[in-house]
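Accompanying notes for the structure given below.
The values are calculated or read from the model by the stated rules, or taken from the named source; none is laboratory data. What you are looking at is a predicted structure, and each value in this text was computed from that prediction instead of being measured. Using ideal geometry, Cβ is built from the backbone for each residue, glycine included, and neighbour counts are taken over all protein chains shown. SASA here: full protein model, heavy atoms, side chains in, ligands and nucleic acids out. Shrake-Rupley method; radii C 1.70, N 1.55, O 1.52, S 1.80 Å.
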Amino acid sequence: MRSIKRIGVLTGGGDCPGLNAVIRAVTKNAIIQHDIEVVGFIDGFKGLVENNYRELTLASVSGIGHTGGTILGTTNRDNPFHYLDPSGNGEYRDCSDQSIENISKLGLDGLVVIGGDGSLSIAYEFHQKGLPIIGVPKTIDNDLSATDVTFGFHTAVNTASDALDKLHTTAESHHRVMILEVMGRYAGWIALHAGISGGADVILIPEIPYNIDAIIAKIRHRYEQGKKFSIIVVAEGARPEGGEMVIQKLVPTSHDPIRLGGIGQEVSKDLEEKTGVETRVTVLGHLQRGGSPIPYDRILGTRYGVAAVDNFIRRKFGTMVSLRGSDITEVPLHDAIKDIRKVPPEGDMVHAAKALGINFGD
Ligand code: F6P
């Protein structure tokens with residue numbers, strides 16, 4: 001059996017706090033412990049198709065563990081199995097064989113893919129074509145079912161919770177309803193965690209369709225108790241009972257082409273019309289993905305990166321590193337992309353929030 005001498009790494013999908021901690025850990029563990037060379041592909045799978053890469057050395061990953069973004073660049077548009085022809089003819093090609101050829105020309109023994117469900121689905125397709133792959137779970141949404149936590153999530157929650165603390169000031173001073181729209185397409189983990197931590201009065205998540213009258217009743221009840229302001233946190237994927245998610249735009253080249261945004265404004269318009277209470281909306285957007293990872297995410301990213309290389313050595317190809325309880329383990333890639341991890345409406349987090357009187361619009 002050929003020993004592992006050289007591996008590739010790429011970051012796919014949206015950027016996420018902690019990516020650089022993973023890249024650093026992969027590179028350091030590979031070079032220091034196993035004498036393995038590391039090549040980083042630029043801009044995710046695009047770099048793999050176009051053979052755009054850089055050698056990663058101890059020097060090139062030095063001092064990046066605490067930084068946001070990814071030193072390799074990323075994209076949430078490019079899929080080698082359905083790749084927009086660079087000639088500009090508007091046609092799509094299967095560039096997966098070309099990508100595997102690039103890997104072999106570079107003398108790589110396999111690839112570490114750091115990504116969310118979209119990138120890991122592509123990674124799984126490469127695994128099925130025989131490419132040795134190890135996945136690392138990344139998304140601020142924390143919606144991968146095969147791991148308890150993805151790195152980046154807690155930094156995003158921190159940012160959202162901090163925003164809620166700041167919005168309280170204006171809410172209270174101006175006797176307004178302040179709405180914070182956060183990310184979370186199909187799962188409301190950021191809204192739920194930030195809402196509990198930041199003292200929201202109403203939390204709206206995709207898993208619990210809301211009824212505007214239930215929200216109004218909550219706000220009125222607060223008024224009657226002398227609380228002339230309210231804080232609402234809404235996940236971008238939330239929708240009213242019998243209604244749809246608010247789609248901002250479609251990105252046809254993307255693995256998941258839907259881009260959401262605007263539900264905060266819809267809730268605001270309905271509330272103002274029906275209650276007359278002044279309402280304002282803040283869309284937190286990409287601030288949740290930006291900035292330095294908090295220590296938890298630096299540490300989790302480091303543990304994932306180290307485990308990814310260890311699993312290469314153990315030849316556990318076609319798996320994703322995962323956190324179960326307090327231990328790092330691995331799961332088959334296939335299981336990692338099967339289901340989205342959603343907020344259970346009857347789970348203990350929602351129960352705890354409801355116990356405090358937080359309303360979910362139900
Ligand atoms: O999956 C992570 C995520 O942050 C989603 O919550 C959000 O809908 C999406 O990425 C936005 O992506 P873009 O970078 O295209 O705006």
Checklist line | Of the criteria (1) within 22 Å of residue 331 (Cα to Cα); (2) within 16 Å of the ligand (Cβ to nearest atom); (3) of a type in the set (A, V, I, L, M), which one residue 263 fails | finding: (1)
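With respect to residue 44, determine if the residue is open to solvent by less than 10 Å² (accessible area, probe 1.4 Å) and within 16 Å of the ligand (Cβ to nearest atom).
Yes.
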Next item on the list: Return the total of residues in the stretch 4-24 being open to solvent by less than 10 Å² (accessible area, probe 1.4 Å) and assigned to a helix (DSSP H, G or I).
Entry: 5
Next item on the list: For residue 149, work out the one condition from (1) outside any helix (DSSP H, G or I); (2) away from the ligand (no atom under 16 Å from the Cβ); (3) open to solvent by 10 Å² or more (accessible area, probe 1.4 Å) it doesn't fulfil.
Entry: (2)
Next item on the list: Go through 318, 301, 285 for me and flag whichever is in the same structural domain as residue 204 (by TED's automatic domain parsing) and under 28 Å from residue 40 (Cβ atoms).
Entry: 285
Notebook entry, point to check: Of the residues that sit in the stretch 282-336 and are aliphatic (A, V, I, L, M) and within 16 Å of the ligand (Cβ to nearest atom), which one is most open to solvent (accessible area, probe 1.4 Å)?
Noted result: 287
Item checked: Subset tally (residues that are surrounded by fewer than 24 Cβ atoms within 10 Å (Cβ to Cβ) and more than 20 Å from the chain's Cα centre (by Cα)) for the stretch 172-207 -> 8
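Please verify whether residue 54 is in contact (Cβ under 8 Å) with a residue 60 or more places away in the chain, open to solvent by 60 Å² or more (accessible area, probe 1.4 Å) and not small (Gly, Ala, Ser), treating the condition exactly as stated.
no
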Margin query: Being more than 11 Å from the ligand (Cβ to nearest atom) and small (Gly, Ala, Ser) is the filter here; which residues of the stretch 241-258 pass it?
Written below: 242, 243
Notebook entry, point to check: How about the stretch 78-105: which of its residues are under 22 Å from residue 30 (Cβ atoms) and open to solvent by less than 20 Å² (accessible area, probe 1.4 Å)?
Noted result: 99, 102, 103
Check: Among all residue pairs at least 6 apart or on different chains, which show Cβ distances below 8 Å where the first residue, located in the stretch 337-362, is part of a helix (DSSP H, G or I) and the second is exposed (fewer than 14 other Cβ atoms within 10 Å of the Cβ)?
Finding: 350/344
Next item on the list: Taking the options 72, 167, 144, name whichever one is of a type in the set (A, V, I, L, M, F, W, C), out of contact with any helix residue (DSSP H, G or I) (no Cβ under 9 Å at 6 or more places or on another chain) and touching a residue at least 12 places away in the same chain (Cβ under 8 Å).
Entry: 167
Item checked: Subset of the stretch 152-171 [open to solvent by 10 Å² or more (accessible area, probe 1.4 Å) and either assigned to a loop (DSSP other than H, G, I, E, B) or farther than 16 Å from residue 194 by Cβ (or both)] -> 169, 170
Next item on the list: Note down all Cβ pairs under 8 Å where the first residue falls in the stretch 234-259 and is over 21 Å from residue 192 (Cβ atoms) and open to solvent by 30 Å² or more (accessible area, probe 1.4 Å), the second is outside any loop (DSSP other than H, G, I, E, B) and more than 12 Å from the ligand (Cβ to nearest atom), and they're at least six residues apart or on different chains.
Entry: 255/79; 255/121; 255/122
Margin query: Of the residues 163, 217, 200, 235, only one is within 16 Å of the ligand (Cβ to nearest atom) and over 30 Å from residue 121 (Cβ atoms); which?
Written below: 163
Notebook entry, point to check: Given 144, 111, 131, 106, which one is under 21 Å from the mean Cα position of the chain (by Cα) and over 24 Å from residue 193 (Cβ atoms)?
Noted result: 111
Margin query: Looking at residue 142 and the list (1) of a type outside the set (A, V, I, L, M); (2) out of contact with any strand residue (DSSP E or B) (no Cβ under 6 Å at 6 or more places or on another chain); (3) open to solvent by 10 Å² or more (accessible area, probe 1.4 Å), which single condition is not satisfied?
Written below: (3)
